[in-house]
1. Rounded to the nearest Å, what's the spacing between the alpha carbon centres of the stretch 115-138 and the stretch 191-258? Just the number, please.
2. What length, rounded to one decimal in nm, is gained on full extension from SER58 through to ALA153, with 0.36 nm per residue of separation minus their alpha-carbon distance?
3. Quick check: residue separation of ASN135 and LYS275 times 0.36 nm, minus the Cα distance between them. What number comes out in nm?
4. Taking the highest mean first, how do the peptides 256-263, 107-114 order by number of other beta carbon atoms within 10 angstrom per residue?
5. With the cut-off at 30 Å, tell me which of the pairs LYS102/LYS198; LYS103/LYS174; LYS30/LYS103; LYS54/LYS150; LYS35/LYS131; LYS35/LYS102 have Cα atoms farther apart than that.
6. Kindly state, to the nearest 0.05, the FRET efficiency for THR80 paired with ASN247, given R0 = 35 Å and r defined as their beta-carbon distance.
7. For the stretch 1-78, which trypsin sites (Lys or Arg not before Pro) are in a loop by DSSP, counting at most 14 other Cβ atoms within 10 Å?
8. Kindly report, to the nearest 10 Å², the accessible surface of THR266 as traced by a 1.4 Å probe over protein heavy atoms only.
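The values are calculated or read from the model by the stated rules, or taken from the named source; none is laboratory data. Bear in mind that the values here come from a model prediction, so they are computed numbers and not experimental data. Neighbour counts are summed over all protein chains in view; Cβ atoms, including those assigned to glycine, are modelled from backbone coordinates with ideal geometry. Quick note on the areas: whole protein, heavy atoms, side chains included, nothing else; ligands and nucleic acids left out. Shrake-Rupley method; radii C 1.70, N 1.55, O 1.52, S 1.80 Å.
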Amino acid sequence: HTMILKNDGSLWATGANWYGQLGDGTTIDKLTPVKVMQNVQSISAGGCHTMILKNDGSLWATGLNYNGQLGDGTTIDKLTPVKVMENVQSVSSGYDYTMILKKDSSLWATGHNDYGQLGDGTTIDKSTPVKVMENVQSVSAGYWHTMILKNDASLWATGLNDYGALGDGTTIDKSTPVKVMENVQSVSAGEWYTMILKNGGSLWAIGYNHNGELGDGTIIERWTPVKVMDNVQSVSAGNHHTMILKNDGSLWATGYNGCGQLGDGTTIDKSTPVKVM
């Protein structure tokens, strides 16, 4: 499903709607965008749930709620957005859980927690947000692992670690965030891997790499971060492919390409980034 934020602050939705993730009051799939809400600042779409941040700092949620990922204190699906919290700065939806950053830099979590992805020291699902950390700048929720960037530019990780996606040198799941790196500018968590952009523009990668999604020229899993490129402005990790924007405005891609998602005119996987546009 896709959520679209227009310049006038109106939110529109299209695609799969089995659990009400579009927020239009139905469970009918939509082939063209339908209007959902006004006065919206940002959105984060999870597997089958959607988190909506309004201009007034209030957080709203709609869709699948089996694991408590909406954070409204229930496990009942919602077909229209329900209010969850106030004073929210940003939100990142994992597959079936949600990470919430409040304006006071405190990090909160709700939903599925079997692998410790909420980072609250347990593996118990939560249906109401629980506080995880203080002094947080940003957060990126992957499939079942979470990457946390603190105000001091240190990177922390929690959750599923089967393929080393946390970057702590092990494949042991963590239920409390562990420190991974210093001097980090931003981070993007993919399904079972993580892309890290350091201050100065160097790009680093950790975790699952069977399709070349790390871009280090191999298909070998990495349990500690490996350097991929320099002069990078931003990065976005997908399911098993990665898109990299360089400082010169050029776009590069690496990883799984079976459906042409890299955009290089082929359907051949890449283990080293190729220039796209």
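1. If you average the Cα positions of each part, the centres end up 26 Å apart.
2. Full extension from SER58 to ALA153 adds 31.5 nm.
3. Separation in residues times 0.36 nm, less the Cα-Cα distance, equals 46.7 nm.
4. By packing density, highest mean first, the sequence is 107-114, 256-263.
5. LYS30/LYS103; LYS35/LYS131
6. Efficiency at R0 = 35 Å is approximately 0.25.
7. LYS6
8. So the heavy atoms of THR266 present about 50 Å² to solvent.
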